[in-house]
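Working notes, structure below.
The values are calculated or read from the model by the stated rules, or taken from the named source; none is laboratory data. The structure displayed is predicted, hence computed values, not measured ones. Don't worry about glycine lacking a Cβ; one is built from the backbone with ideal geometry, like all the others, and counts go over all protein chains shown. Only protein heavy atoms, including side chains, enter the accessible area calculation; ligands, DNA and RNA are left aside. Shrake-Rupley method; radii C 1.70, N 1.55, O 1.52, S 1.80 Å.
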Amino acid sequence: MIKKLFVLLGLVVIVALVAMTFTKPDRQAHFNAVAQLAQNMVDKELSNIPLPLPDEVVNFGSETAMGAANMYLLSNLMVNDYFFVNVGTVNHHGTAYPVTVGVFNKVFLLVDEEQVRQAIKP
């Protein structure tokens, strides 16, 4: 009975590993996840401005900041493909920081807004 349980468990693990191999998300999915985090940060920062600003100014600021963030990500986001998962890293000042993990067509962020603020602090 125990032997059958271990064989069944082993088969389930093998099937999961094979599925992980063929269901890794692409670079664009990693880019979208990090860009969404950046968009949330920009929106939060713009909403914390104490002065009432016209919507046009807020939209222009948001678009400008996201344009800069997207250009930075396009040139600094690398997705390293491992056998079962892939890991997105951002090169910042010569150091590669892991920011995402992709598995089963899902991208999981390894950083939050506060960690990003600390990393980009001058």
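Helices in the chain that qualify as membrane-span-like (whole DSSP H runs, Cα extent of at least 15 Å along the helix axis, mean Kyte-Doolittle hydropathy of 1.6 or higher) are 2-22. Return the single residue from ASN59, ASN80, ASN48 with maximal mean-square fluctuation; model: Gaussian network over the chain, springs between Cα atoms under 10 Å. Looking only at ASN59, ASN80, ASN48, the biggest GNM fluctuation is shown by ASN48.
Per the Debye calculation on the chain with a single equal scatterer at every Cα and no solvent contribution, log₁₀ I(q)/I(0) for q = 0.09, 0.13, 0.17, 0.21 Å⁻¹ amounts to -0.38, -0.64, -0.89, -1.15.
Across the protein chains, with a 1.4 Å probe defining accessible surface, the residues PHE60, PHE104 rank PHE60, PHE104 from largest area downward.
Quick one: with all protein chains in place, what share of the accessible area of the chain is carbon or sulfur, to the nearest percent (1.4 Å probe)? Present the calculation step by step, with values, prior to reporting the outcome.
Numbers: 5900 of 8600 Å².
Carbon with sulfur: 69 percent of the solvent-accessible area.
Near the amide H of VAL99, within less than 5 Å, lie the amide hydrogens of GLY88, THR89, VAL90, all on another chain or at least 5 residues away, with H placed in the peptide plane.
Partners of LYS24 within straight-line reach, counting aspartates and glutamates whose Cα lies under 17 Å from its Cα and excluding those fewer than 8 residues away in the same chain: ASP81. For the chain, adding -39500 (n - 2.57) for each run of n ≥ 4 DSSP H residues and dividing by the number of residues yields -20000 deg cm²/dmol at 222 nm. Largest GNM mean-square fluctuation across PRO25, PRO50, PRO98, computed for the chain with C-alpha springs under 10 Å, falls on PRO50. Here the label points at GLN28 and PHE6, each 7 Å from Cα along the C-beta direction, are separated by 4.6 nm in the simple model. Springs between Cα atoms under 10 Å define the GNM used for the chain, and in it the highest mean-square fluctuation of VAL103, VAL15, VAL42 occurs at VAL15. Which one of ASN48, ASN86, LEU17 has its Cα pushed farthest toward the positive end of the charge dipole of the chain, where Lys and Arg give +1 and Asp and Glu give -1 at the Cβ? Highest projection toward the positive end goes to LEU17. Annotation: per residue accessible area for the chain equals 70 Å², rounded to a whole number [probe 1.4 Å, protein chains only]. Against the empirical curve 2.2 N^0.38 Å, the C-alpha radius of gyration of the stretch 66-122 lands at a ratio of 1.17.
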